[in-house]
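The values are calculated or read from the model by the stated rules, or taken from the named source; none is laboratory data. Keep in mind it's a predicted model, so treat the numbers as computed, not measured. No Cβ is skipped: glycine too gets one built from the backbone with ideal geometry, and neighbour counts run over all protein chains shown. When the accessible area is computed, the model is the full protein with side chains, heavy atoms only, and any ligands, DNA or RNA have been set aside. Shrake-Rupley method; radii C 1.70, N 1.55, O 1.52, S 1.80 Å.
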Amino acid sequence: MKKIIIFALTAMIMTGCTLDRDPETALADSNFWKSETDFRGACNRLYIDLNGFSHDLRSDELVGPNQNSISSGNRNVPGTSGDWTNPYQDIFRCNKIIEKGAVSPLSESARDRWVAEARFFRAYHYFDLVQKYGDVPLITKTFDNTKDPEITKARDPRAQVIDQCYEDLDFAAAHLPDINNLKSASDWGRVSRSAALGMLVRIGLYEGTYMKYHHLDGDYKIHLQRAISAAETMMKEGRHALYPDFQKLFLWEGEGSSNKEAVFIKVYGPNGEGSITHNNSRGLENAAALTRNMLDNFLYADGLPRELSPLAVHPETNLASVLDNRDPRLKMTVYSVGEEAYKGPYEPFTNQHGYGYGIKKGFLLDEWSTTNRETLDKMIIRYAEILLSYAEAKFELDGAISDAVLDQTVNAVRQRSGFNVRLTNDFVNQHGLNMLQEIRRERMVEFIDEGLHYNDIIRWKTAEKVLPQPILGLIYSPDDTGTAATEVQKKLTAADGTYKGTKVYDEGNIYVIEEGSSRSFDPERDYLYPIPSYEIGTSGGNIVQNPNW
């Protein structure tokens, strides 16, 4: 913590007035904080630092070319970590903006608008810290010198930190502009009232379900009601709607203010010197693929899961037998044999890394060819999340959900992609399904590679079940690929689904990417990150490590 404080005391980095500029200079306080332009420039740094595209390999959803230490349970206590220091750096920037706003010569409305941006980001980063570490030091002021005792303060209870997040987001929702007033090139991508409400939905659902399933002290229902109220406000205000085409939602067609599904985004580009760019399409080729473990959550065309649907093919013979007759989002998410892909027509086991199912959701060949200069914007929160979070929070709070709410939420999201089988209470009862599991399933398949799944299995307390399992990949078929089978066949399941004498699946010729023996999850330890040893060592004994690390 001390290292971050010293950094914050040294300089407050400012930027120009648009979101597509890199930092230009450090400005002294005596010459700054005089105008809206100054506050806008100060806030711009928060957008530059905002996490955007990444392929989250921490769960059973995606797999990369190398085993991930978090998903496999093989991490250690780090000396230092950006997971801790990066959020705190931006929190201190936020505190500076908030304090300077209180004494600025701006009008009250102008001051509140820019302070609201800082308070939004302060809540965003504190929530990120709580998700990873649980209790964390809550610091809401700047420091005049390095002798301030709060520099080495102990961790505050997560409940206190979350309450501060709510307070900040309530202020932000009251003072940020309507998203419809942020359509100009210089304003699109700045946080709005919608973004603040969306974060209230996300935090309320997370904290409510985390408290419920981890049996924390306190009333989890208060948090669920927070999520429900914020979602209902967004639905009532009518600023947002589902984009009509699921596949194009993640392409150029879905970019910009005309897309009413975008709630909170990170703006990239324009391409050229000084722009903010990413490498998402290259990552889809080289860094991430869908696991069979996650693929099996996609329903069949009759609305039933693989274990119940008569449409499920047994035995599977090729990739088509896995992908056909399913929820349409499956073929919009992964490649079928012969589809134009990363380096020509898609061929399993050949023109992609690893041996998971090649992801095409969000892949752009014209962006791939730029090599590290991709500029498509990233949706951090979209309206589909608000709808599905609302459904989940309602069921978690009441233990039941009406067909009318299901139509507003789950079924609306399904129908947007052309999946017209409605989830209803009668359907669940008729087929012996579990309503909560079906609501969760909808979330899992809708948000593939959007960075939500790891935090979901943490709050649901299911990580201890799904993460220690073998990670499975593609089905091997000589008809699908020209790859020589010799090396591949060494890691395929037998016809009865066994691998090295252990039953791992119910189908043969499934590639085993990671063996179960190489994976573990300690429920007494791994639901929280280890605190970096530097933070403990420089806190004067005030910060203590998370349990069992």
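For region 173-185, 3J(HN,Hα) computed residue by residue from phi via the Karplus equation (6.51, -1.76, 1.60; θ = phi - 60°) reads 4, 7, 10, 6, x, 4, 4, 5, 9, 10, 9, 6, 4 Hz, glycine and proline entered as x.
The lysines whose alpha-carbon is closer than 26 Å to the alpha-carbon of residue 500, local same-chain residues fewer than 8 away aside, are 465, 490, 491.
Around the amide H of residue 326, modelled in the peptide plane, lie the amide H atoms of 301, all under 5 Å away and 5 or more residues distant in sequence or on another chain. Kindly identify region 434-512 as rounded, prolate or oblate by the Cα gyration tensor criterion: order the square roots of the eigenvalues as a ≥ b ≥ c, call it rounded if a/c is under 1.5, otherwise compare a/b with b/c, prolate if a/b is larger, else oblate. Cα axes put region 434-512 in the prolate bin. Using only Cα positions of region 124-226, each an equal point scatterer, no hydration layer, compute I(q)/I(0) via Debye at q = 0.17, 0.19, 0.20 Å⁻¹ and quote the log10 values to two decimals. Reported log10 I(q)/I(0), two decimals: -0.86, -0.97, -1.02. Just need the Rg to Rh number for the chain, please, alpha carbons only, Kirkwood Rh. On the Cα set of the chain, Rg over Rh gives 0.97. Computed 3J(HN,Hα) for region 213-222, one whole-Hz value per residue from the Karplus formula 6.51 cos²θ - 1.76 cosθ + 1.60 where θ = phi - 60°, is 8, 9, 6, 7, 5, x, 9, 4, 5, 4, glycine and proline marked x.
Over region 58-210, the hull volume per residue, using the convex hull of the C-alpha atoms, is 165 Å³. Of the whole protein surface, residue 77 contributes about 60 Å² of accessible area at a 1.4 Å probe radius.
For the set 217, 148, 327, solvent exposure ranked by accessible area (probe 1.4 Å, protein chains only) runs largest to smallest as 217, 148, 327. Counting only heavy atoms of the protein chains and using a 1.4 Å probe, residue 153 has close to 50 Å² of accessible surface. Projecting the alpha carbon convex hull of region 296-350 along each direction and taking the average yields 4.0 nm². Percent relative contact order of the chain, based on C-alpha pairs within less than 8 angstrom and at least six residues apart? It comes to 19 percent, rounded to a whole number. Measuring only protein heavy atoms, the 1.4 Å probe finds residue 93 accessible over about 10 Å². Note on region 479-549: Rg/Rh from Cα positions, Kirkwood definition for Rh, rounded to two decimals, is 1.32. Entry note, the chain: the mean residue ellipticity at 222 nm calculated from DSSP H runs of n ≥ 4, each adding -39500 (n - 2.57), is -12000 deg cm²/dmol after division by the residues and rounding to the nearest 500.
Distant-in-sequence amide contacts of residue 341, defined by a placed amide H-H separation under 5 Å and a gap of 5 or more residues or a different chain, comprise 346.
Bridgeable aspartates and glutamates around residue 331 (alpha carbons under 12 Å apart, same-chain partners fewer than 8 residues away excluded): 339. Approximating the spin labels as points 7 Å out from Cα along Cα→Cβ, the residue 236-to-residue 498 distance works out to 6.1 nm.
Residues in region 145-157 carry Karplus couplings, in order, of 7, 7, 9, 4, x, 6, 4, 10, 5, 6, 6, 8, x Hz; the curve used is 6.51 cos²θ - 1.76 cosθ + 1.60 with θ = phi - 60°, and Gly or Pro positions show x. Segment residue 69..residue 524, full-extension length gain: 162.1 nm, with 0.36 nm per residue of separation and the alpha-carbon distance subtracted. Of the residues 33, 252, 368, ranked by 1.4 Å probe accessible area with the largest first, the sequence reads 252, 368, 33. Amide H contacts of residue 156: 136, 138, each under 5 Å away and 5 or more positions distant or on a separate chain (H built 1.01 Å from N in the peptide plane; Pro and chain starts excluded).
When the solvent-accessible area of region 43-92 is split by element, carbon and sulfur atoms take up 35 percent of it, the probe being 1.4 Å. Helix 383-398 and the longest principal axis of the C-alpha atoms of the chain enclose an angle of approximately 80°. For the pair residue 301 and residue 147, a Förster radius of 51 Å applied to the C-beta separation gives a FRET efficiency near 0.15, rounded to the nearest 0.05.
Solvent exposure of the chain, expressed per residue, is 38 Å² of accessible area, with all protein chains present and a 1.4 angstrom probe.
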